[in-house]
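Enquirer: Let me give you the structure first, and then I'll get to my questions.
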Amino acid sequence: MIAQTRRDPWQVIWQVATSDHSMTVLLLGIAVGLVIMSWLPQMPTADLAAYAQWLSEAHARYGKATSTLQTLGLFTITRSFGFRALLALLAGCLLLRLMESGNRLWRNREMAEPAGEWQPLADVRWPDVMSNLHRQRYRVVSAPPLFQADRWPWADLFPLLAHGSALLLLVGLLLSHVWGWRVEGLIVPGGERIALPDAEKWVALDKDARKVTNSPGIVTFVEERGPGVRVSAAASSGRLLSLQQTAEAAPVTQPTVALTEDRYFAIPEAQLILRLTPQPGRAIEAHSPVLVQVYRSLSGQLITETVVEGDVELAVDDVTLEFASAPYARLTASFNPGLWPTGAGLVFLVVGLVGGTAWPVRRLWLREGTERLETTGDLLLVLTGVREG
């Protein structure tokens, strides 16, 4: 009767998790998710206006299938449980592979037991064999009459580097997802500094809206530049008059506005209304001309209309209007704490994969027999390469 040995369940889990087949299945699942993400428009969640526009476009494109695709989570691949579970499993497998590679690197520093059957080598001289192995940069460890030729440590170090850098890449992506953020369409008036979602982070713009400065760790991109105006109104006595953008807004004496759209100001004491807009028919730039229209607040009568550029004064009745150029920039600001781990992981991953392909793990044993050399390989492999033991 044949006795059956019971396998340790942890050993089974280890073998499954560290197998190439498991890694291939996980990578294939993640690749499928990324392909779907690139093909299907992903749903924005931070901006309600962008979400409304996305939803309208999705219904127009996919019709009745939109709700089904949304239920399956195909519009939110990176936030779906399945995709995150695949990434978590991949991280676990990489950690186990990293431990296995480190253990193999440490274990292979010494001579191992020969594997395979010994075969004699006819008409081969020992100096020729050793010279060929050294020329191919094999390490030769001796315990006479036994010799081992292998590619330690580089052949065992490259898999360790590949698994460690892949794990570092995932850690960087996790850091960016958990603590990173991105703000798009951020309007920054020239000469001002504004705070970002992280209270310690800020971004500032010079007066000409040309140079952007920001706190360390922030990456900014300029989407566009446009005209802005700082407005003030003075009575004949020289006293500054208050201006209001809306009935609920607090009155100010020198408001600065970015002309991303038409802007209106009321001057209650003078019973005037100002309308400011970029000059129609002109490309919008930082110092584009601005169309100024002045109306009477009671009758709505247009008093004057002119185009201003730069710093200009305009007299209307007993009020002197001053317009100072204050261009703005529309920015995208992002904070990516996992940028460096992700970049380093990607670089070292490529190095590990290329190095492991060009310098695979191989091991060969030789011994001096009574009449001729013996090896676990054959003559051709000894002279031109080696075979894994």
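The values are calculated or read from the model by the stated rules, or taken from the named source; none is laboratory data. Values in this document were obtained by computation on a predicted structure and should not be read as measured data. Methodologically, a virtual Cβ is constructed for each residue, glycine included, from the backbone with ideal geometry; neighbour enumeration extends over all protein chains shown.
Enquirer: Of the residues ALA65, ALA50, only one is at pLDDT below 75 and surrounded by 11 or more Cβ atoms within 10 Å (Cβ to Cβ); which?
Expert: ALA50
Enquirer: Of all residues being of a type in the set (S, T, N, Q) and surrounded by fewer than 21 Cβ atoms within 10 Å (Cβ to Cβ) in segment 318-349, which is farthest from ASP208 (Cα to Cα)? Just the residue, please.
Expert: Out of the qualifying residues, it is THR342.
Enquirer: If you don't mind, there's one more thing I want to ask. May I ask you to verify whether SER232 is in contact with an Asp or Glu (Cβ under 6 Å, 6 or more places away or on another chain), surrounded by 15 or more Cβ atoms within 10 Å (Cβ to Cβ) and within 21 Å of GLY191 (Cβ to Cβ)?
Expert: yes
Enquirer: Identify, please: which residue in segment 185-223 is of a type in the set (Lys, Arg) and more than 22 Å from the chain's Cα centre (by Cα) and is, among those, farthest from SER288 (Cα to Cα)?
Expert: ARG193
Enquirer: Starting from segment 345-370, take each residue that is more than 20 Å from MET130 (Cβ to Cβ) and list its partners that are of a type in the set (Val, Ile, Thr), counting only C-beta distances under 9 angstrom and pairs at least six apart or across chains.
Expert: GLY345/VAL171
Enquirer: Right, something else. Restricting to segment 304-317, count the residues that are surrounded by 13 or more Cβ atoms within 10 Å (Cβ to Cβ) and over 23 Å from TYR328 (Cβ atoms).
Expert: Number satisfying all stated conditions: 3.
Enquirer: If you check ARG225 against the conditions, is it of a type in the set (Lys, Arg), over 18 Å from ASN336 (Cβ atoms) and free of Cβ contacts under 8 Å to residues at least 24 places away in the same chain?
Expert: Criteria not met by ARG225.
Enquirer: So, one more: Within segment 96-152, restricting attention to residues that are aromatic (Phe, Trp, Tyr) and assigned to a helix (DSSP H, G or I), which residue is modelled with the highest pLDDT?
Expert: My answer is TRP106.
Enquirer: Here's a check for you: in segment 333-389, which residue that is of a type in the set (S, T, N, Q) and assigned to a helix (DSSP H, G or I) is modelled with the lowest pLDDT?
Expert: If we take residues in segment 333-389 being of a type in the set (S, T, N, Q) and assigned to a helix (DSSP H, G or I), then THR384 is modelled with the lowest pLDDT.
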